[in-house]
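This report concerns only the one structure given below.
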Amino acid sequence: IIGKLKICNRCFEKLVKAAKEYSDYDLFSPVNYELSNKNKIQQFGFKIDFFGFPCNLIHTKTLEEVKDDEFMCLPGGSLFIRKKVIDKIGLYDDDYFAFVDDTDLNWRIRIAGSKLKLVKDAKFYHQAYSGLSLKEEKFKYTTLRKRYLTERHTLNAILKNFQLYTLIFVVPFYFIANILEMVFFLVHGK
């Protein structure tokens, strides 16, 4: 693993340095680059929309423009978390084996009052779905299956992490939006 970290431009060292320098932050993340195209940024942080879905900031901001206070969550493939936070909130929820697992963890970290820091000079090379190594396993994760798991885990995350008065307002709209989307796709034969 040390060899891979060297490839990542001394990623681990930069995360440790940032953790020492920014003692008021509890969660750190490098910028995630595509493994197959090491110059292309894959993700560096997300906001959460009205329905609890993560929205990749790469679609609206450049790396230079983005600020730490704009993130609701950082990419889960490369998080560096202080032990005191892990002791307080735990690690990834076992109910999320893929999709939205990092959103839920980040959300709980934010609820606990922790701040997030993007370490812009640290690079991490990420291959999406790399844990699904067998051809048969990758076949199981079709677009429909990914969508199902993402919807299921997002609904679970909002039920778990939104406050009750927010749930009362958001959940009816969530279901209406999903029903309208299903009707749209049915009408278009998809």
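The values are calculated or read from the model by the stated rules, or taken from the named source; none is laboratory data. Since we're looking at a predicted model, the values are computed, not measured. FYI the Cβ positions are ideal-geometry reconstructions off the backbone, even for glycines, and counts take in every protein chain you see. Accessible surface areas use protein heavy atoms only, side chains included; no ligands, DNA or RNA. Shrake-Rupley method; radii C 1.70, N 1.55, O 1.52, S 1.80 Å.
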Sorted largest first, the Cα spans of the stretch 36-96 on the principal axes come out in Å as 34, 31, 23
What helix-only [θ] at 222 nm does the chain give? Using -39500 (n - 2.57) per DSSP H run of at least 4, over all residues, to the nearest 500, the answer is -13500 deg cm²/dmol
Report, please, the projected area of the stretch 25-70 averaged over directions, based on the convex hull of its C-alpha atoms, in nm². 4.1 nm²
Name the residues whose placed amide hydrogens come within less than 5 Å of the amide hydrogen of A122, ignoring near sequence neighbours (fewer than 5 apart) on the same chain. V31
Modelled label-to-label distance, K47 and F184, 7 Å Cα→beta-carbon offset: nm? 1.9 nm
Read-out semi-axes √(5λ) of the Cα gyration tensor in Å, derived from the coordinates shown; its label in (1) 35, 18, 16; (2) 35, 16, 11; (3) 29, 22, 16: (3)
Can you give me the accessible area per residue for the chain, using a 1.4 Å probe, in Å²? 62 Å²
Got a number for carbon plus sulfur as a percent of the stretch 42-122's accessible area, 1.4 Å probe? 54 percent
Taking Cα pairs under 8 Å and at least six residues apart, what relative contact order does the chain come out at, in percent? 28 percent
Tell me, in nm to one decimal, what length is gained between D69 and D24 on full extension, where the rule is 0.36 nm per residue of separation less the Cα-Cα distance? 14.9 nm
Could you give the dipole magnitude of the chain about its Cα centre, charging the beta-carbon of Lys and Arg +1 and that of Asp and Glu -1, in debye to the nearest 20? 560 debye
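Going by average Cβ density within 10 Å per residue, which order do the peptides 99-110, 148-159 take, highest to lowest?
By packing density, highest mean first, the sequence is 99-110, 148-159.
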Using only Cα atoms and rounding to the nearest 10 degrees, what angle (0 to 90) does helix 164-187 make with the longest principal axis of the chain? 70 degrees
Measuring from centroid to centroid over Cα atoms, what is the spacing of the stretch 102-121 and the stretch 21-59 in Å? 10 Å
